[in-house]
Amino acid sequence: MGQADGMKPESTGERAGAAETHVGDPGVDGAAAERQVPAGESDDMGHGSSGDQTNRSAAHAGSAAIQLSGPRVVATWIVSIAAHALLFLVMFLVPWLSHISADNELPIPTVELVGEVETASFSMSALPDFTEQASSPNTDPMKFSPDRFDRLAGLAAHEKPDISIIGIGAGGGDFSKFGLKGGGDAAPSFFGQRVQGARRIVYVVDRSGSMTDTFGYVRDELKRSISKLRRSQKFHVIFFSSGLPVENPPRRLVSAIQAQKQQFFSFLDTIYSEGGTHPDQAMVRAFEVDPDLVYFLTDGEFNPSLLDKLDKINRNRSVRIFTIAYFDRRGAELLEKIAREHRGEFTFVGEDDIP
């Protein structure tokens, strides 16, 4: 008995340690803990039996919590999420597919004819018989009878007005460079020398001191000659003596319109005779303005070197030179030679030729 009594406390301590071990160890099942504690010894524990029952309940709860954690819990969540996602997908697709099927139904237009429908009919006209027309041609002349034709009979041709603008009006342009005639066929003339077809005329006139008594006649003849020019023609006047020649402004060919003529007449009234007889520079200057006719008038002798100069500047003889010996025959021989070599004419003007 003593030995038994000595072992009882020890058995009690072992059972308590085993109980603690079963409760704290998650790997030990609650049923196994119950099997390790004998049913007959429950009374020896006294008031500790209720504590053991509480510990067994906690062990069962711990075992349940452990069973819901780990890979099983993750797999459970994955399955739940997939099921919900599939459910939402089905809920979305069902109305969408229904909407597509409804949109694919295209409207079908319908046409309703109102009233009675009449069918159109076409008929071809008979083809003409060309052989018949060719065999019997119509030889009757075409007759034209206008209602009113008396107006044209009463119309009269009127002359075009003299428009004092360069290049405008009847014959206002200079077409002679292109071989065309315009503005009439007036031939310029100077002291009886009349030249057909000339359109660009340059007058080279002596105003030396020896012309003092007769220069008034030259003025009158220049005015008469230039006043007869047509608007299709152009003119320029160069006076020579000693030194540089004096030219009609603007020192080039101008159209023979009334305004240019009046301007020249005013300029001519300022010219007086003086100095010697030196026509070389004036003749060279005349060719620089591109004439087709040159009138050359002088009353005296001049340097024969002028012939060589003219031969060079008028090599192709495109410009005609008409010469006039005025009141003096001393330069007539040179003047006649110039006219002959340059497709012109020579004339002498004396006192008997002045009106």
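Values quoted throughout were computed directly from the atomic coordinates according to the rules given, and no laboratory measurement underlies them. Keep in mind that this is a model prediction, so the values were computed, not measured. Counting neighbours? That spans all protein chains shown, and the Cβs are built from the backbone with ideal geometry, glycine included.
Only counting other Cβ atoms within 10 Å, I'd like ASP206, ASP352, ASP308 sorted with the fewest neighbours first.
Arranged by neighbour count, lowest to highest, ASP206, ASP352, ASP308 become ASP352, ASP308, ASP206.
Can you pull the semi-axes for segment 176-353, root of five times each eigenvalue of the Cα gyration tensor, sorted largest first, whole Å?
Taking √(5λ) for each eigenvalue gives 23, 19, 15 Å, largest first.
Can you sort MET283, MET211, MET91 so the residue with the fewest Cβ neighbours within 10 Å comes first?
MET91, MET283, MET211
Enumerate the calculated ³J(HN,Hα) couplings along segment 266-271 in order (Karplus 6.51 cos²θ - 1.76 cosθ + 1.60, θ = phi - 60°), each rounded to whole Hz, writing x wherever the residue is Gly or Pro.
Computed from phi, the couplings for segment 266-271 are 5, 5, 5, 5, 9, 8 Hz.
Are there chymotrypsin sites (Phe, Trp or Tyr not before Pro) in segment 211-274 that DSSP puts in a loop and that have at most 16 other Cβ atoms within 10 Å, and which ones?
TYR272
Which ordering of LYS337, LYS261 is given by a fewest-first count of other beta-carbon atoms within 10 Å?
Going from sparsest to densest Cβ surroundings: LYS337, LYS261.
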